[in-house]
Amino acid sequence: MLREGKSSREVARYFGYNQSTIVRWEKKARMLHAGPIPTESSRPKSSPLALPEEVVKKIIEKRLERNRCGQVVYQSLLKSGVQVSLSSVQRTLDRCHLTKKRSPWKRPHDFTLRPEVAFPGAFLEIDTIHLRSPLGHLIYVYTLIDVHSRFAYAEIIEKIGVEASIRFLKKARGKASFPFVMVQSDNGSEFSIGFTHALKRCGIQHRHSRVRRSNDQAHVERFNRTVQEECLDHVSHGLKTLKKALKTYLPYYNEERLHMGIDYQTPSQVMQRY
């Protein structure tokens, strides 16, 4: 419009800008030989409310001295007579890259409370065992145990996944004489969000164990060891052989084997009281 002979005032009124802005843009365009005007930083040329350099240096010194958090640095500065706000301390540490950032890839922990194990089915733990067959391929064992009664169920399978986990849990529910209230698993892909939604549709709560906290799954991990030592390690790791051995072992485990954790009773004896 300026090239067409319009005045800067007319152009400013047409586009809704201040006239001085149009004048500055036109001047820059002439300097750039009518090229595109680069976007400039919106940072102010001066910051009258910025912290003095001496205060910034003291914040950094306190941080590097003991590598303490911003709150401790703030309290130390107050005791030293330095008047500064906590937000200014934390903002300075962040600007100087002196704070630890949470990894964007770190999965937040599920804070579902662990229920009181007062009756069969209140809390169960599920897991998988990986075995190597004589031919070199993997064979998987799904395992599940009720923490209160120690009732256990297991199944040999060739491939694990969310769908396989759901099928296994439905079979375990059919074998148990009590309803499932909450099931806890580790953070494996076979127990991911699809498994959680499937349990929710069945009216079962799903809880994940904490990462690198094997004690959260202590009962099922101990069952994994027991079933391997007393059953699976005594036969060849062929699919049919393992299935046959497990089919014989599970009734013994639930109906005959004495368990120290339930006062030398069998799981069947505990379940009979309910």
Anything in the range 176-193 that is surrounded by 14 or more Cβ atoms within 10 Å (Cβ to Cβ) and farther than 21 Å from R210 by Cβ? List them, or say none.
A176, F178, F180
(1) surrounded by fewer than 18 Cβ atoms within 10 Å (Cβ to Cβ); (2) touching a Leu at 6+ places or on another chain (Cβ under 6 Å); (3) modelled with pLDDT of 95 or more: which one isn't true of F119, the others all being true?
(2)
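Please work out which residue is farthest from I139 (Cα to Cα), limiting yourself to the range 244-265 and to residues that are in contact with a Pro (Cβ under 8 Å, 6 or more places away or on another chain) and assigned to a helix (DSSP H, G or I).
Here is the first cut: in the range 244-265, the ones in contact with a Pro (Cβ under 8 Å, 6 or more places away or on another chain) are 253-255, 259.
In the following step, the residues that additionally are assigned to a helix (DSSP H, G or I) were identified as 253-255.
On the way: Y253: 22, N254: 24, E255: 27 Å.
Filtering the range 244-265 for residues that are in contact with a Pro (Cβ under 8 Å, 6 or more places away or on another chain) and assigned to a helix (DSSP H, G or I), the one farthest from I139 (Cα to Cα) comes out as E255.
In the range 90-122, which residues are in a loop (DSSP other than H, G, I, E, B), charged (D, E, K, R) and free of Cβ contacts under 8 Å to residues at least 12 places away in the same chain?
Our first condition is that a residue be in a loop (DSSP other than H, G, I, E, B); within the range 90-122, this holds for 96-122.
Still in the list and also charged (D, E, K, R): 100-102, 106-107, 110, 114, 116.
Listed by number, the residues that qualify are K100, K101, R102, K106, E116.
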Go through (1) without any contact (Cβ under 8 Å) to a residue 60 or more places away in the chain; (2) touching a helix residue (DSSP H, G or I) at 6+ places or on another chain (Cβ under 6 Å); (3) of a type in the set (G, A, S) and name the single condition A152 misses.
(1)
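Residues to consider are I139, I145, I160, I156; find the one that is over 21 Å from Y253 (Cβ atoms) and β-branched (V, I, T). Spell out how you get there, then give the answer.
Working: I139 fails: over 21 Å from Y253 (Cβ atoms); I145 fails: over 21 Å from Y253 (Cβ atoms); I156 fails: over 21 Å from Y253 (Cβ atoms).
Exactly one of I139, I145, I160, I156 is over 21 Å from Y253 (Cβ atoms) and β-branched (V, I, T), namely I160.
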Failed item, numbered, when E125 is tested on (1) touching a residue at least 40 places away in the same chain (Cβ under 8 Å); (2) in a loop (DSSP other than H, G, I, E, B); (3) surrounded by 12 or more Cβ atoms within 10 Å (Cβ to Cβ):
(2)
For R173, which of the numbered conditions (1) within 26 Å of the chain's Cα centre (by Cα); (2) among the charged types (D, E, K, R); (3) under 25 Å from Y252 (Cβ atoms) fails to hold?
(1)
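Select, from D146, D94, the only residue that is under 26 Å from the mean Cα position of the chain (by Cα) and either buried (at least 20 other Cβ atoms within 10 Å of the Cβ) or closer than 28 Å to D186 by Cβ (or both). Don't jump to the end; show me each part of the working.
Details: D94 fails: either buried (at least 20 other Cβ atoms within 10 Å of the Cβ) or closer than 28 Å to D186 by Cβ (or both).
Result of the check over D146, D94: D146.
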When the range 45-86 is checked residue by residue, the ones that are farther than 22 Å from H97 by Cα and of a type outside the set (A, V, I, L, M, F, W, C) are K45, S46, P48, K79, S80, G81, Q83
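The values are calculated or read from the model by the stated rules, or taken from the named source; none is laboratory data. In this text the structure is predicted, and so the values were computed from the model without any measurement. Heads up, the Cβs are rebuilt from the backbone with ideal geometry, glycines too, and the neighbour counts pull from every protein chain shown.
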